[in-house]
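The values are calculated or read from the model by the stated rules, or taken from the named source; none is laboratory data. Given the structure is predicted, the values throughout are model-derived calculations rather than measurements. In this analysis, Cβ positions are derived from the backbone assuming ideal geometry, glycine residues included, and neighbour counts consider all displayed protein chains. Surface accessibility is based on the protein's heavy atoms, side chains included, excluding ligands, DNA and RNA. Shrake-Rupley method; radii C 1.70, N 1.55, O 1.52, S 1.80 Å.
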Amino acid sequence: MFLAADVTFNPHALPPLVTALAILLLGLIVVLREKGSRESLLYLSYTLAASTWMFCVSVALFLSLSSEEKAYQWMTIANGGVAMIPAALYHFTVVVMQTDNRNRQFIRFAWAVSSVFLVVTLLTDVLFAGLYHYSWGIFVRFRWPSFLFMGYFMAMSVMTLREYWVVYRSSDRNTTRHRRAKAFLIAFSIGYLGALDFLPALGVPYYPLSSIPMICMLVLVSRTIWQHRLVDITPAFAAREIIDTMNEALIVLDLEGVVRLVNQETCSLLGCREKDLIGRRPVDGMTTCRQFAEQLETIAGKGAARNVEAECGPHNGGYRTFNLSASLMKNHRGEPVATVCLVNDITDRKRAEQEREQLISQLQEANEKLQMLDKMKTNFISTVSHELRTPLTTIKAFVELLLLKQAMPHERRVKLMSTVNVETDRLARLITDLLDLSRIEAGSVKWQFALVSMEDIIQSVIESMGVLFENKGLQVTVEFTPRLPPVSGDRDRLVQVVTNILSNAVKFTPRGGVIHVALRRETAQLAVEISDNGIGIPAEHIDLIFEKFHRSDDVLTAATEGTGLGLAITRQIVEYHGGTIRAVSTQGKGSTFTFSLPLAGAGGTVRTDRETA
Ligand code: ADP
């Protein structure tokens with residue numbers, strides 16, 4: 001239908017050609033600028049209709065001198081374009097002015113009528129009857145049914161302009177909506193002047209000037225779109241922008257559990273590309289996050305889920321923890337169509353929470369320890385005061401008695417003075433023990449570490465205590481594993497340990513009893529075991545005898561001398577040597593005290609002189 005050979009130059013064909021191309025170009029720019037929004041697509045449909053009209057008129061003018069038949073055909077197509085303008089422009093108008101909801105029926109009606117006129121225009125000769133010839137070229141000749149179309153065109157023009165007018169009048173002056181309505185009202189009012197081109201179709205010798213109002217309209221519309229855009233920030237328009245800029249990963253699954261939509265955050269979180277995820281089940285696409293993918297599968301189509309935690313990894317060298325919330329998306333009939341999942345990486349938050357909890361429990365522990373220490377200190381002070389006051393009270397009372405009763409019989413006087421003597425000894429021992437203990441605890445003791453033989457120490461202590469054993473008629477037996485290696489220790493302090501335990505054995509073993517001392521090797525340690533068949537220690541006291549001032553509350557213990565500090569000092573010394581001490585006992589049958597010391601060079605925390613000086 002178009003052959004280059006048929007074209008004859010006609011300057012009157014140029015304005016509509018330029019206008020057509022400009023209109024089309026504007027439509028395409030708007031589509032790109034508004035990123036495929038409904039408004040821009042509708043505007044494109046209007047520009048397609050309008051540019052079809054202008055372009056075909058132009059072609060018809062080019063062909064008018066050589067082939068009237070073809071020119072007629074192009075004129076027919078041009079009117080096809082005109083037929084679609086009312087519906088496209090009206091639809092565009094109501095959508096841009098956001099009145100489309102209440103005009104739905106009318107939009108359908110307009111498209112239906114325009115389509116009918118398009119079909120009738122293209123397939124029949126009902127509307128046209130050949131061409132009119134004018135000095136500037138040819139123009140289509142309208143039959144009377146064309147008046148119906150012209151009526152429709154005019155009515156739609158009025159309807160469209162009315163939409164802008166209503167919004168212009170009703171909206172707030174300072175809003176974009178108001179300014180946009182005003183600008184479009186002016187632009188399209190001018191554009192509709194192009195309808196004067198109906199005149200030559202009715203035989204009026206009017207030169208078709210539609211290009212001029214169309215170009216004016218084009219400029220105004222471009223300016224309006226440039227200044228105010230076409231679209232307000234509606235949820236639908238903002239959705240893609242929000243999806244791509246949100247901090248959470250978004251995953252939309254269909255009811256079959258297939259991934260249908262993900263955002264950029266999802267890809268960076270899972271370390272995979274969008275095309276690896278879309279159209280696949282999570283377990284197939286999310287290979288780096290197996291557990292997380294399985295969680296998604298279970299959630300898909302099931303409804304809402306809140307704060308489900310799932311592991312992801314190993315990925316990028318570690319495991320991450322994700323927090324997943326999901327909701328069911330429904331269509332307007334309330335039927336579920338998809339599961340929308342929002343995912344957050346909470347690894348850092350979890351780690352910080354764990355660290356905080358750890359810190360809190362450490363603080364609590366330290367606080368409890370401090371409270372305990374404070375309590376211990378209070379107890380210690382009151383016990384020490386009590387222990388010091390008891391002998392002092394006795395001494396003071398007895399000395400006062402001696403001073404008051406000068407005429408006291410000699411034997412009675414000697415008895416009182418020997419009690420004073422015993423109590424003074426007790427006081428002195430108590431003060432020595434207290435000082436000793438506090439110096440050890442404060443770390444101000446000068447330890448003299450050297451390689452020492454426990455066998456020698458035990459032998460020398462037994463020898464020095466020989467008289468005590470004899471006085472009480474106690475039998476002492478020893479059992480040493482031969483050639484035992486030395487330990488690294490402070491000889492005097494270890495002598496103090498053995499002496500404390502042995503003197504307790506002497507104190508708490510009745511006349512004729514047996515004390516057994518054994519020395520043996522236990523892997524990297526030397527164990528010294530001192531047992532007696534004395535009064536034993538009640539079960540409820542066994543764990544407490546190493547505490548300061550603790551003594552069994554039985555009559556026999558009360559009758560023996562003691563401060564209750566000996567075993568506390570003993571434990572401190574043993575532990576300073578890197579050893580341990582324990583006691584087992586059966587009341588009425590006897591007790592066994594065992595302490596172990598690491599062997600010299602056995603890799604334990606054995607101290608040297610230099611460290612402790
Ligand atoms: P002290 O002997 O000065 O009372 P210690 O600290 O040495 O203080 O001992 C604490 C308590 O442990 C003793 O009062 C006693 O009740 C108990 N005890 C220690 N050794 C023995 C033992 N071999 N047999 C029975 N009880 C003992």
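Ser488 meets the conditions (1) over 60 Å from the mean Cα position of the chain (by Cα); (2) in the same structural domain as Phe549 (by TED's automatic domain parsing); (3) among the hydroxyl-bearing types (Ser, Thr, Tyr) in every case but one. The failed one is (1). Counting only helices (runs of 4 or more DSSP H) that fall entirely inside region 380-489 and contain at least 2 residues that are within 22 Å of His516 (Cα to Cα), the qualifying elements are 454-464, 466-472. Say whether the condition of being at pLDDT below 90, farther than 26 Å from Thr432 by Cβ and not hydrophobic (A, V, I, L, M, F, W, C) is met by at least one residue in region 401-408. Taking every residue of region 401-408 in turn, at least one turns out to be at pLDDT below 90, farther than 26 Å from Thr432 by Cβ and not hydrophobic (A, V, I, L, M, F, W, C).
Scan region 111-125 for residues that are open to solvent by 70 Å² or more (accessible area, probe 1.4 Å) and not in a helix (DSSP H, G or I) and the total you get is 1.
Taken over region 519-534, residues that are farther than 22 Å from Ile569 by Cβ and within 11 Å of the ligand (Cβ to nearest atom) amount to 1. Can you tell me which residue within region 554-575, out of those that are more than 21 Å from Leu427 (Cα to Cα) and at pLDDT 75 or above, is nearest to the chain's Cα centre (by Cα)? The residue in question is Glu575.
Criterion applied to Ser531, Ser596 was being more than 21 Å from Leu468 (Cβ to Cβ) and either modelled with pLDDT of 95 or more or open to solvent by less than 10 Å² (accessible area, probe 1.4 Å) (or both), and the one residue passing it is Ser596.
Looking only at region 26-61, which residues are among the basic types (Lys, Arg) and at positive phi?
Start the filter on region 26-61 by keeping residues that are among the basic types (Lys, Arg), which leaves 33, 35, 38.
The answer is Lys35, and nothing else.
With respect to (1) free of Cβ contacts under 8 Å to residues at least 40 places away in the same chain; (2) assigned to a loop (DSSP other than H, G, I, E, B), the lone exception for Thr509 is condition (1). Within region 537-548, restricting attention to residues that are more than 6 Å from the ligand (Cβ to nearest atom) and open to solvent by less than 30 Å² (accessible area, probe 1.4 Å), which residue is nearest to the chain's Cα centre (by Cα)? My answer is Phe546. Pull up region 558-571, narrow it to residues that are surrounded by fewer than 18 Cβ atoms within 10 Å (Cβ to Cβ) and in a helix (DSSP H, G or I), then point me to the one that is nearest to the ligand (Cβ to nearest atom). So, considering only residues that are surrounded by fewer than 18 Cβ atoms within 10 Å (Cβ to Cβ) and in a helix (DSSP H, G or I), the one nearest to the ligand (Cβ to nearest atom) is Ala558. For region 509-518, the condition holds for at least one residue, the condition being that it is near the ligand (Cβ under 8 Å from one of its atoms), in contact with an Asp or Glu (Cβ under 7 Å, 6 or more places away or on another chain) and in the same structural domain as Ile569 (by TED's automatic domain parsing). Do the conditions hold for Arg180, that is, is it crowded, with 17+ Cβ neighbours inside 10 Å, in the same structural domain as Leu48 (by TED's automatic domain parsing) and not aliphatic (A, V, I, L, M)? Answer is yes for this residue. With respect to Ile85, determine if the residue is in a strand (DSSP E or B) and either closer than 21 Å to Leu28 by Cα or modelled with pLDDT under 90 (or both). It is false that Ile85 is in a strand (DSSP E or B) and either closer than 21 Å to Leu28 by Cα or modelled with pLDDT under 90 (or both). Scanning region 470-482 for residues that are modelled with pLDDT under 95 and within 16 Å of the ligand (Cβ to nearest atom) yields a count of 1.
Do the conditions hold for Leu430, that is, is it in contact with a Leu (Cβ under 7 Å, 6 or more places away or on another chain) and either open to solvent by less than 70 Å² (accessible area, probe 1.4 Å) or closer than 19 Å to Asn504 by Cβ (or both)? Steps first, answer last, please.
Working: in contact with a Leu (Cβ under 7 Å, 6 or more places away or on another chain): yes; either open to solvent by less than 70 Å² (accessible area, probe 1.4 Å) or closer than 19 Å to Asn504 by Cβ (or both): yes.
When the stated conditions are applied, Leu430 passes them.
Of all the listed residues (Val140, Val221), the sole one being surrounded by 17 or more Cβ atoms within 10 Å (Cβ to Cβ), in contact (Cβ under 8 Å) with a residue 40 or more places away in the chain and under 54 Å from the mean Cα position of the chain (by Cα) is Val221.
Restrict the check to region 483-495 and report whether at least one residue is within 16 Å of the ligand (Cβ to nearest atom) and free of Cβ contacts under 8 Å to residues at least 60 places away in the same chain. Yes, some residue in region 483-495 is within 16 Å of the ligand (Cβ to nearest atom) and free of Cβ contacts under 8 Å to residues at least 60 places away in the same chain.
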